[in-house]
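Just below is one structure, and these are the notes that go with it.
The values are calculated or read from the model by the stated rules, or taken from the named source; none is laboratory data. What you see is a predicted model, and the numbers here were worked out from it, not measured in a lab. Methodologically, a virtual Cβ is constructed for each residue, glycine included, from the backbone with ideal geometry; neighbour enumeration extends over all protein chains shown. Calculation scope for accessible area: heavy atoms of the full protein, side chains included, ligands and nucleic acids excluded. Shrake-Rupley method; radii C 1.70, N 1.55, O 1.52, S 1.80 Å.
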Amino acid sequence: MQTINPPLRLLASFTDAYGTTPTQILQVPGRDMWMAATVVETGKICIVAPDLEARTTFDRRSARTQRSTTNRPLPRWATYCAGALLKLAYEQMELPGANIAIVGAEPSGPRYVYTLGMAFVAIVLNHFQQEYDSDRLIDVIEAVRRDYIS
């Protein structure tokens, strides 16, 4: 779902982190969470979460062991994203890499982390031109919660 009024801090955060403008700007359906992304051919997923003052990078290999590309444990807020990367790759929707910024006004804690995962799934589905709604995003994240999050 393309939108034309993303929060200014989303665009500023993306530009600060990556030195360019994003190719995708989306909002999670039914949630106050926004994301900006550009798919890149690096094999790495880099996510900036300005609300958490955090950043992490992982790839498919490191995600399998819940580690970053620098072999550090994935931060809790990024585990749904890493699990979704693996789940969607299994469904033949593997990103070749991406630079992502995600901001929102969701309550902090589990709901915020869960919605970050939904945002990541929306980016992947949008890239592969797949239709999605809140139910589709929740289905993927619930599968990740069952199969990946321990």
Tally time: how many residues in the stretch 21-58 are touching a residue at least 24 places away in the same chain (Cβ under 8 Å) and part of a loop (DSSP other than H, G, I, E, B)? 11
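Kindly indicate the residue of the stretch 94-120 that is over 22 Å from ASP133 (Cα atoms) and polar (S, T, N, Q) and also surrounded by the most Cβ atoms within 10 Å (Cβ to Cβ) among those meeting that condition.
Step one: filter the stretch 94-120 for residues over 22 Å from ASP133 (Cα atoms), giving 96-97, 99, 108-109.
Okay, now just the ones that are also polar (S, T, N, Q), so 99, 108.
Numbers: ASN99: 23, SER108: 10.
Applying the filter and picking the extreme gives ASN99.
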Among all residue pairs at least 6 apart or on different chains, which show Cβ distances below 7 Å where the first residue, located in the stretch 91-118, is over 22 Å from LEU11 (Cβ atoms) and touching a residue at least 40 places away in the same chain (Cβ under 8 Å) and the second is small (Gly, Ala, Ser) and surrounded by fewer than 19 Cβ atoms within 10 Å (Cβ to Cβ)? PRO96/GLY43
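Condition first: outside any helix (DSSP H, G or I), within 17 Å of ARG145 (Cα to Cα) and open to solvent by 60 Å² or more (accessible area, probe 1.4 Å). Now tell me which residues in the stretch 68-93 satisfy that.
We begin by selecting, within the stretch 68-93, every residue outside any helix (DSSP H, G or I); these are 68-75, 91-93.
Applying the additional criterion that residues be within 17 Å of ARG145 (Cα to Cα) yields 74-75, 91.
Matches in the stretch 68-93: GLU91 only.
Can you find even one residue in the stretch 97-114 that is in a helix (DSSP H, G or I) and polar (S, T, N, Q)? Even if it seems obvious, please write down each step before you answer.
Start the filter on the stretch 97-114 by keeping residues that are in a helix (DSSP H, G or I), which leaves 110-114.
Those left that are additionally polar (S, T, N, Q): none.
Looking through the stretch 97-114, none of the residues is in a helix (DSSP H, G or I) and polar (S, T, N, Q).
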Please go through the stretch 1-51 and give me each residue that is open to solvent by less than 50 Å² (accessible area, probe 1.4 Å), of a type in the set (Val, Ile, Thr) and within 19 Å of CYS81 (Cβ to Cβ), ordered by number. ILE25, VAL28, THR38, VAL39, VAL40, ILE45, ILE47, VAL48
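Kindly indicate whether ARG61 is in contact with a strand residue (DSSP E or B) (Cβ under 7 Å, 6 or more places away or on another chain), charged (D, E, K, R) and closer than 19 Å to VAL121 by Cα. Write out each step before concluding.
Details: in contact with a strand residue (DSSP E or B) (Cβ under 7 Å, 6 or more places away or on another chain): no; charged (D, E, K, R): yes; closer than 19 Å to VAL121 by Cα: yes.
Answer is no for this residue.
Report whether or not ALA98 is among the small types (Gly, Ala, Ser), under 14 Å from MET35 (Cβ atoms) and modelled with pLDDT of 95 or more. Give the steps one after another, and end with the answer.
Numbers: among the small types (Gly, Ala, Ser): yes; under 14 Å from MET35 (Cβ atoms): yes; modelled with pLDDT of 95 or more: yes.
Here the answer is yes, as ALA98 does meet what is asked.
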Odd one out for ASP133 among (1) touching a residue at least 40 places away in the same chain (Cβ under 8 Å); (2) over 12 Å from the mean Cα position of the chain (by Cα); (3) surrounded by 16 or more Cβ atoms within 10 Å (Cβ to Cβ): (3)
